[in-house]
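Asker: Below is one structure. I have some questions about it.
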Amino acid sequence: MLNIRCSIGIKEQLDSSWQGWFEDLQILPQVSGTTILYGYLIDQAALYQVLLKINSLGLTLLSLQTQEVASLQGRAEKEIASEKDKEHNDQSYRFLPDKQILGE
């Protein structure tokens, strides 16, 4: 499962009263008078929803940076699978005619 880390630059300066519109993203007012919306979204559909909100609110999009990142759950599942593979590969086998003995 992937998440999208995004940083969206807005020309207008937004304060915390706008948080309800962008609940999944942090509102980071900049000294320059602009705003950065930063955080993680579940997928591209969620990103498009944020971009539609920006447009419908009449805000000016300055920049958009995205990066797909593995979710914590996805990373944990991969680590568990990797450990199981490692355990399986670390075991030694001794073969006898018509028998297999594990761990010797």
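Asker: Return a yes/no flag: does region 20-42 have any residue that is at pLDDT 60 or above, among the small types (Gly, Ala, Ser), surrounded by 11 or more Cβ atoms within 10 Å (Cβ to Cβ) and on the phi < 0 side of the Ramachandran plot.
Answerer: No: zero hits.
Asker: Of the conditions (1) at pLDDT below 95; (2) in contact with a Lys or Arg (Cβ under 9 Å, 6 or more places away or on another chain), Leu62 satisfies every one except a single condition; which number is it?
Answerer: The one condition Leu62 does not meet is (1).
Asker: Considering only residues that are of a type in the set (Val, Ile, Thr) and within 16 Å of Glu68 (Cα to Cα), look in region 1-19 and name the one that is surrounded by the fewest Cβ atoms within 10 Å (Cβ to Cβ).
Answerer: Ile4
Asker: Report the residue count in region 35-48 for those that are among the polar types (S, T, N, Q) and closer than 15 Å to Asn3 by Cβ.
Answerer: Going through region 35-48 one residue at a time, the tally reaches 1.
The values are calculated or read from the model by the stated rules, or taken from the named source; none is laboratory data. Nothing here was measured: the structure is a model prediction, and the numbers come from that model. Cβ atoms come from the backbone with ideal geometry, glycine included; neighbour counts cover every protein chain shown.
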